[in-house]
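Heads up: the structure comes next, in structure tokens.
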Amino acid sequence: MNNTEVVVIGAGQAGLSGAYHLRRTGFEPGRDFVVLDHSPGPGGAWQFRWPSLTYGKVHGMHALPGMELTGADPARPSAEVIAEYFAEYERAFDLRVRRPVDVRAVREGDDGRLLVETSAGDWSTRALINATGTWDRPFWPRYPGQETFRGRQLHTAQYPGPEEFAGLRVIVVGGGASGTQHLLEIAPYAADTTWVTRRPPVFREGPFDENLGRAAVALVEERVRQGLPPKSVVSVTGLPLNDAIRQGLADGVLDRQPMFERITPHGVEWADGRRVEADVILWATGFRAAIDHLAPLKLREPGGGIRVEGTRAVADPRIHLVGYGPSASTIGANRAGRAAVRDIRRLLAEERPVAA
């Protein structure tokens with residue numbers, strides 16, 4: 001059994017931010033805190049992004065606290081650029097991330113401590129920063145006939161880049177940033193593309209200023225405060241109407257169709273009988289929070305989410321969720337890491353017995 005003060009689960013943006021602030025405020029890595037990451041190397045979810053997502057195409061990548069990302073070649077794959085940056089960050093601040101380590105469950109331990117069960121042994125801890133993100137839980141909607149489709153179905157998490165779709169008829173499902181990026185990339189290669197979304201897409205003109213950002217975060221924050229599953233910040237901001245989107249609209253690539261009713265062996269069908277044949281259905285339908293390992297603590301509310309105030313789980317002040325709900329953006333994750341450490345320091349100080 002390993003004993004520590006704080007366990008950080010996940011070494012993406014949120015987890016590294018939390019580890020940095022622990023280190024900066026006097027916690028010693030390896031003794032006072034440990035960072036556990038199940039990925040094979042540094043980079044968080046970025047290391048799994050498709051090769052055609054170059055660093056120049058990345059929207060809103062905010063530097064980690066204490067060290068800027070400078071001089072990156074915009075033509076290089078973002079997976080390479082950001083993985084190298086994260087690796088250098090871990091070295092620079094001596095964060096000693098342990099990987100690959102799979103966290104299987106977090107449950108009540110002895111003497112008011114938490115027990116973190118992992119593939120590399122168990123840790124007993126006084127507090128937990130959960131920074132597991134969403135990449136490991138791609139959301140696949142279910143539609144009648146889905147199992148009969150004879151073509152290929154894949155999710156954004158498995159997207160290989162546009163070349164694999166050469167000469168194929170592709171249906172892209174999803175109205176977010178990933179769906180539009182996939183469509184714009186695939187269209188020059190595919191024989192045909194069809195864009196399908198549940199709701200009409202909302203395009204945002206003009207700059208996304210601080211007031212709009214604050215309003216968007218507040219909407220997501222309200223959901224987690226009520227114990228509802230969080231929506232992403234991006235889902236409430238709309239799609240930026242940039243030059244690439246304008247061109248896609250003009251070319252007819254971004255000609256949105258309403259959601260189909262069923263999937264057939266050779267494509268999809270709408271309620272009015274209209275059909276589109278396809279070789280591939282690409283589900284750009286987002287992700288859900290990867291928090292199943294917290295199930296033994298019974299933190300979920302009837303609405304399906306974990307009720308959070310700031311980063312603290314309302315049901316258990318030892319648990320902090322960073323990169324969850326309103327902090328699921330790179331700048332939000334940085335702020336959440338700092339806030340979580342501030343609260344944890346206060347909690348641990350209050351628990352320590354006063355010397356006689």
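By how many nm would the segment from Arg274 to Asp94 lengthen if fully extended, with 0.36 nm per residue of separation less the alpha-carbon distance?
Details: separation 180, 0.36 × 180 = 64.80 nm, distance 5.89 nm.
Net length gain for the segment: 58.9 nm.
Would you pull out the residues with amide H under 5 Å of His155's amide H, same chain only if 5 or more places away, H placed 1.01 Å from N?
Trp283
Counting DSSP beta bridges in the chain, what percent are antiparallel, to the nearest 5?
Details: 23 of 58 bridges.
Rounded to the nearest five, the antiparallel share is 40 percent.
What nm distance separates the two modelled labels at Arg204 and Phe48, each placed 7 Å from Cα along Cα→Cβ?
Here the answer is 2.6 nm between the modelled labels.
Please list the non-local residues whose amide H lies under 5 Å from the amide H of Thr194, H modeled 1.01 Å from N, same-chain partners needing a gap of 5 or more.
Amide H to amide H, under 5 Å and 5 or more residues apart or across chains, Thr194 pairs with Val170, Ile171, Val172.
What ranking of Ser78, Ser52 emerges when the number of other C-beta atoms within 10 Å of each C-beta is taken as an exposure proxy, fewest first? Provide the component values of the computation, followed by the final result.
Numbers: Ser78 23, Ser52 17.
Lowest count first: Ser52, Ser78.
So how do 336-344, 5-13, 155-163 stack up, highest first, on mean other-Cβ count within 10 Å?
Details: 336-344: 23.4, 5-13: 26.6, 155-163: 17.4.
Order by mean packing, descending: 5-13, 336-344, 155-163.
For region 102-118, in order, what is each residue's ³J(HN,Hα) by Karplus, 6.51 cos²θ - 1.76 cosθ + 1.60 with θ = phi - 60°, in whole Hz (x at glycine and Pro)?
3J(HN,Hα) across region 102-118, in whole Hz: 9, 8, 8, 6, 10, 9, 5, x, 9, 6, x, 9, 9, 10, 9, 8, 9.
Using θ = phi - 60° and the Karplus curve 6.51 cos²θ - 1.76 cosθ + 1.60, what whole-Hz ³J(HN,Hα) does each residue of region 6-22 get, with Gly and Pro shown as x?
Working through the residues one at a time gives 9, 10, 10, 9, x, 10, x, 4, 5, x, 5, 4, x, 5, 4, 6, 4 Hz.
For each of Asp102, Asp279, Asp110, count neighbouring Cβ atoms within 10 Å of the residue's Cβ, then give the residues from fewest to most.
Numbers: Asp102 13, Asp279 19, Asp110 8.
By the 10 Å Cβ count, ascending, the order reads Asp110, Asp102, Asp279.
Tell me what the chain gives for mean residue ellipticity at 222 nm when only DSSP H runs of n ≥ 4 count, each as -39,500 (n - 2.57), the sum divided by the residue total, rounded to 500 deg cm²/dmol. Could the numbers behind the result be given before it?
Values: 6 runs with 84 residues, N = 356.
The helix-only estimate for the chain comes to -7500 deg cm²/dmol at 222 nm.
Once amide H atoms are placed 1.01 Å from N in the peptide plane, what residues at a sequence separation of 5 or more from Ala105, or on another chain, have their amide H within under 5 Å of its amide H?
Glu117
What order, most packed first, do the peptides 136-142, 126-132, 87-93 have when packing is the mean number of other Cβ atoms within 10 Å of each residue? Mind dumping the intermediate values first?
Numbers: 136-142: 13.4, 126-132: 27.0, 87-93: 16.1.
Packing proxy ranking, top to bottom: 126-132, 87-93, 136-142.
Hey, fewest Cβ within 10 Å first, where do Lys298, Lys57 land in order? Walk me through the numbers before you get to the answer.
Numbers: Lys298 10, Lys57 15.
Going from least to most buried by this count: Lys298, Lys57.
Bear in mind these aren't lab numbers, they're just calculated from the coordinates by the rules spelled out. Note that this is a predicted model, so its numbers are computed, not measured. Every residue, glycine as well, gets a Cβ built from its backbone with ideal geometry; the counts of neighbours run over all protein chains shown.
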